[in-house]
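Reading through the structure tokens given below for one structure.
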Amino acid sequence: MASPSLPHISDLSSLPDAHKTQALDLLFEPSPEIHRTLVPVIESEPYSSYNELIEACRQAFLSLASHSTASSPNKTLLSILGSHPRLGAKKVESAQSVAEQAKLGGESEVLARLNQEYEDRFPGLRYVVFVNGRGRPEIMEDMKARMNRNDFDKEVDAALQAMCDIAKDRASKLPVQAAGQSRTNL
């Protein structure tokens with residue numbers, strides 16, 4: 001089985017939706033809400049790089065966030081944020097998340113408790129962070145600090161920024177097909 005690759009950015013907008021959603025799954029996480037939100041972003045204009053596309057995706061996410069509050073959260077936004085696996089979860093859908101969380105090891109009781117505390121503090125949100133090689137103690141301290149800050153809007157912003165940082169990191173590591181070859185090789 002061939003390793004996953006992204007279509008060339010110049011080909012992406014002209015590909016069938018199934019190929020666009022596969023690319024989004026590689027960059028973000030598999031999620032119908034991500035697909036519904038971001039396929040139109042892909043189709044909206046030509047992009048010269050995946051970083052440029054991901055920034056446009058971030059703007060689409062921020063637009064959803066601007067219509068969301070702690071007392072009346074946007075359900076699409078919550079679904080998008082919930083597409084990321086819980087930190088240290090044993091069952092993780094995407095191969096990228098498995099690799100990114102490998103340094104953290106399996107879900108410990110402490111990490112499971114912190115995930116639950118976070119989700120109790122911020123109903124509907126999931127703690128999303130760009131691990132970026134940091135170990136479990138540093139990540140758990142970040143989670144505690146974000147809970148202590150106790151600001152729903154800042155949590156949404158932090159989670160969306162983390163999702164896009166993760167996507168940029170993934171884009172930098174995934175092979176990209178040559179222009180014009182994406183239609184036949186995906």
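At-a-glance table
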read-out	value
In degrees, nearest ten, helix 152-173 long axis to first principal axis of the chain (Cα)	40 degrees
Dipole of the chain, positive direction: furthest Cα of I9, L87, S72, with charges on the beta-carbon	L87
Label-point separation, D157 to H67 (7 Å along Cα→Cβ), nm	2.1 nm
Within region 10-53: backbone nitrogen closer than 11 Å to the Q177 label point (7 Å, Cα to C-beta)	11-12, 15-16, 19-20, 23
Folded to 0 to 90 degrees: helix 32-44 orientation relative to the chain principal axis, Cα	40 degrees
Cα-based equivalent ellipsoid, region 122-169: semi-axes from gyration tensor eigenvalues, Å	17, 15, 7
Karplus-derived 3J(HN,Hα), 6.51/-1.76/1.60, for each residue of region 136-143, Hz, glycine and proline x	3, x, 5, 5, 5, 5, 4, 4
In Hz, Karplus ³J(HN,Hα) per residue of region 121-132 (6.51, -1.76, 1.60; θ = phi - 60°; x = Gly, Pro)	5, 10, x, x, 9, 10, 5, 10, 9, 7, 4, 6
A18 versus V110: modelled label distance in nm, points set 7 Å from Cα along the beta carbon direction	4.6 nm
HN-Hα J in Hz across region 14-22 - Karplus 6.51, -1.76, 1.60, θ = phi - 60°, x for Gly and Pro	8, 6, x, 3, 4, 6, 5, 5, 4
Taking the convex hull of Cα positions in the chain, its mean projected area over all directions (nm²)	10.4 nm²
Partner aspartates and glutamates for K75 [C-alpha distance under 13 Å; skip if fewer than 8 residues away on the same chain]	E33
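Readers should treat all values here as calculations from the given coordinates under stated rules, not as data from a laboratory. Everything quoted here is computed from the prediction, not taken from an experiment. Please note: Cβ atoms are built from the backbone with ideal geometry, for glycine as well, and neighbour counts cover all protein chains shown.
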